[in-house]
Amino acid sequence: MVLRRFPPGDDAAAREAGVLAALDGLDGWAPRLLDADPAGRRFGEPALLVARLPGRADITSVSAQTAAEQLGRVLARIHAVPLTRLTALRDGMAAASASSPAGVGAGPAASILAAHGDRLAGQRPVLTHYDFWSGNVLWEQKVITGVVDWSGAARAPRGLDVSWCRLDLRLLHGPDSAEMFLRAYEQAAEAVPDLALWDLFAVQNSYRSVETWLPNYHDLGRTDLTAADLRERHTSWTQECLARYRTQ
């Protein structure tokens, strides 16, 4: 068992409790909820008790190709889960819009998304993890064994998760890994509509905050990375994504 604690007043515990109850273990891919104290009455802070999944987070010993390909296949399985029992999940695109007020943190992709981003929200929704990156999966003997941190899960188009993971892989391993991930995902699922626009969505939503991801990468062993590295790689990926969008 694992006791997950959250900062006082954080509603992530209540959100994740609802999500995990609805997922009901997701055939072994998500932790099973055992008990919840979202108000912190018993523990003094919001907390969840969940079943322990096998494996551990690992972004150092698994090769870039192995990570990219397995992440793609696992995400395809998540997106294939029927939404019939998940109708209570939040609207992911509405949540993304609410967390990115117009005019705040305008980046190089802001004008394109302002003009054309509405068509992303109209795409078919799937079960979306909403923070699908290399640190939120567990590994055992070079095989992904589960996915954790479901507090943000939502109903949203598949491109939201795909573009977010592509950005993460670009930051960690370079552009080739982002393409390997995409190929594995699309072989197991289907093509992502408007992928070039989704990639811009991801870089826009991380434009002001990418340096704050550094502690997460350091905690998992990538202490070679610096804040300047993340900014430089984010900028390079943004330029690549803009070029792809303009030439499609």
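Any read-out appearing in this document is the output of simple, stated calculations on the displayed coordinates, not a laboratory observation. Not measured: the values here are computed from a predicted model. Glycine also receives a Cβ, built like all others from the backbone with ideal geometry; neighbour counts cover every protein chain displayed.
Extending 7 Å from Cα along the Cβ direction at Q141 and again at E186 yields two label points whose distance is 3.3 nm. Neighbour counts of C-beta atoms inside 10 Å place I112, I59 in the sequence I112, I59, starting with the fewest. Can you give me the Cα centroid spacing of the stretch 30-45 and the stretch 197-248 in angstrom? Each part reduced to its Cα centre gives a spacing of 33 Å. Legend: calculated FRET efficiency, H218 to D24, from the Cβ-Cβ distance at R0 = 30 Å, rounded to 0.05, equals 0.30. Note on the stretch 1-52: semi-axes of the ellipsoid equivalent to its C-alpha gyration tensor, largest first and rounded to whole Å, are 19, 11, 7.
Take the Cα of L83, go 7 Å toward its beta carbon, and the backbone nitrogen atoms of the stretch 117-132 under 11 Å from that spot belong to 122-128. Here each label is just a point 7 Å from Cα along the line to Cβ, and for R52 and D91 those points are 4.1 nm apart. Applying 0.36 nm per residue to the separation of E211 and L34 and subtracting their alpha-carbon distance, the gain on full extension is 60.2 nm. Looking at the chain, the DSSP beta bridges with both ends there are about 90 percent antiparallel. Sites listed here are trypsin sites (Lys or Arg not before Pro) in the stretch 94-171 whose DSSP assignment is loop and whose Cβ has at most 16 other Cβ atoms within 10 Å: K142. The calculated FRET efficiency for D11 paired with Q65, based on their beta-carbon distance and R0 = 45 Å, is about 0.75. Built from the Cα atoms of the chain, the convex hull projects on average onto 13.0 nm², one quarter of its surface area. DSSP loop (so not H, G, I, E, B), at most 16 other Cβ within 10 Å: list which trypsin sites (Lys or Arg not before Pro) in the stretch 171-248 pass both filters. Sites meeting the loop and neighbour criteria: R208.
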